[in-house]
Every structure is written in C-alpha cells, then in structure tokens.
Amino acid sequence: MQVAQKIPVGHVEAGLRTYNKWAPYPEECNRRMLSAVADYHFTPTSTATQALRKEGISEGIFQVGNTVIDSLLGIHNSIQQNLNQYNAQYAFLPSHPKSIILVTGHRRESFGEGFQAICQALLKIAKQHPEKYLLYPVHLNPNVRATVNALLAGYDNIKLIDPVPYDEMVYLMSRAWLIMTDSGGIQEEAPSLNKPVIVMRETTERPEGIASGCSVLGGISAESIYQNFCRINDSEIIYRQMAAALTPYGNGKSSLKIASILKNSLVTDKVKKNPPNNQQ
C-alpha cells in the first residue's frame, strides 16, 4: 500500500537472514520481501548490514542496533524501582540464584517431532537435575499447549504458566540462571541482562549472539539440547564467559538514532523540494 502511494518505507531490524525460507516461517520470507521495497534499512548489526550488501542493496542502510534493547532497558529500569511488587507476585520462585531456567518455545517450524524433542530434553533436565526449576510461560497456540501439557505437566520442578505481560517477562529473564528458547527476540534481549541462552533451533537469523558467545545453538534433538545444557551446567567457567559476553545487539539508543536519521532525511527532502531563493 505505502509503496503504491510512493510513501517511503522504513524497515526496522533489517537484514536478518537464515537463508532458509521455512525457518523461521513466515518471517524469513517477509523480511526478504520488505528488503526489496524499503527505502530505509535500519540494521541491528554489521552481520545484517553485510547481508543486505551481498543482496545488492547499497543505499539507505543505517546500522543502528535493535530497538528491542531500548524497550528492554527501559522496562528493566522501571522494574528495579518496583522490585518488591514483582518479588511478591512471583514469591513461588526459588531463591537460589542457580535454580531457575526460563523456557519459551512456540516456533511453528518445530511443531510435531521437533517440539516433542524439545519437551523431552526439558523433561530430562528436570528429572536428572532436580535442583533446577524450569519455568515455562506456555504459548496459547493449541499445537504448543497440547504437547507441553502432555509431556511436562505434573512435575514438581516444572512450572507451566500462561503467557505474561512484557514487563513480567523482563523480570523473569532477570531472575533466570539460564534461558532456553526458540524465540528470536529473547536471543537479543537476554545478553543485555547477562543471561546465557540455549537456542533450541537448527538455525538462527541472529548469529551474532552465537559468535560473541552469548548463546549456543542447541538444535532440536533432545540429546543435543540436553548436552548443551550439561556443558553449561557442568562448567562455571563456560557459564561465566557466556554471561559476561558483550551483547552485539545495541546499547538502548537505537530509537533515538532512527528518529535522528528520519528527521535529517525529512529536512533534506524539504530543502530539495523548496530550494532557498538565492536572488539578492
């Protein structure tokens, strides 16, 4: 619609690629289509910037970081000012700092055997490591809930809850010792909170986290996910290295950068359309 009316299009979080149209689906296809029509490509990282350049896009690329970090840090600061309220709401969580494993899983490409394997890995962790407490806000998709409830319900150290508001999710991330997810956004958010991540996917459009050491790609087989957990759990050195790795996704100022770029662009366009009168 905007393109047909010649309205400029800006793509925030441009340049993310797995080069597999089915993983994640439909995001990978949508991103590629949007790149073809966007006038402003606001990339989060140098990897994303290079992906666009390799596709022949040479103009309108601005590497600004990711706006999700802006939101995350703002909410996290607000939580610290109301911490007693959140602590009271989640008083059921264990107090030991190495107990809580926060889990999210909902990717449609994992439905079926892949998602069953993810749940089997989580169950093995819970059984083999009873000192761990798995907290899982379960997505409302029936394909997710049916498998999760069938395989993970009824265990003392697995807590299944309904999806939570974003501020509560940020609080839970801050309380977690480890995060296990197939989500894209959490791969970006967790490193800013110094939380190691096991990405329960075969591929990721956010390879920067893997490269920087914030995250590990766990795959979607039960054994692969479990072995990656054991590697982190059994080595304090590996855990600390992951927790201390610098986030590659931004410093919380991405929105300001985008606003500044658009403001300058609008001023430039206005001058081009209405050049100053040079007559004396």
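In percent, how large is the relative contact order of the range 25-76, given Cα pairs closer than 8 Å and 6 or more residues apart?
35
Fewest first, what order do Asp39, Asp70 take by the number of other Cβ atoms within 10 Å?
Arranged by neighbour count, lowest to highest, Asp39, Asp70 become Asp39, Asp70.
Quick one: Karplus J couplings for the range 136-151, per residue in order, coefficients 6.51, -1.76, 1.60, θ = phi - 60°, nearest Hz, x for Gly and Pro?
10, x, 8, 4, 6, 4, x, 5, 7, 4, 4, 5, 4, 5, 5, 9
Through the Karplus equation 6.51 cos²θ - 1.76 cosθ + 1.60, θ set to phi - 60°, convert the phi angles of the range 194-201 into ³J(HN,Hα) values in whole Hz; use x for Gly and Pro.
Values per residue, Gly and Pro as x: 6, 10, x, 10, 9, 8, 8, 8 Hz.
Along its principal axes, what span do the Cα atoms of the chain show, with the longest given first and each in whole Å?
Result, largest extent first: 83, 42, 36 Å.
Give me P(r) over the range 84-244, computed from all C-alpha to C-alpha distances, binned every 10 Å, as integer percentages.
11, 44, 38, 7, 0
For His41, list long-range residues whose amide hydrogen, built 1.01 Å from N in the peptide plane, is under 5 Å from its own amide hydrogen.
His11, Ile61, Phe62
Pairs of alpha-carbon atoms within less than 8 angstrom and 6+ residues apart define the contacts here; what relative contact order does the range 1-108 have, in percent?
That works out to 23 percent.
Can you give the convex hull volume per residue for the Cα atoms of the range 1-114, as a whole number of Å³?
191
Sum -39500 (n - 2.57) across every DSSP H segment of at least 4 residues in the chain, then divide by the residue count to get the 222 nm mean residue ellipticity, nearest 500.
Result for the chain: -14500 deg cm²/dmol, rounded to the nearest 500.
Translational diffusion coefficient, Stokes-Einstein: compute it for the range 161-267 using the Kirkwood radius over C-alpha pairs as Rh, at 20 °C and 1.002 mPa s, and state it as an integer in µm² s⁻¹.
142
Read-outs: derived from the displayed coordinates by stated rules, not from any lab. Remember, it's a predicted structure, so these values are computed and weren't measured experimentally. Every residue, glycine as well, gets a Cβ built from its backbone with ideal geometry; the counts of neighbours run over all protein chains shown.
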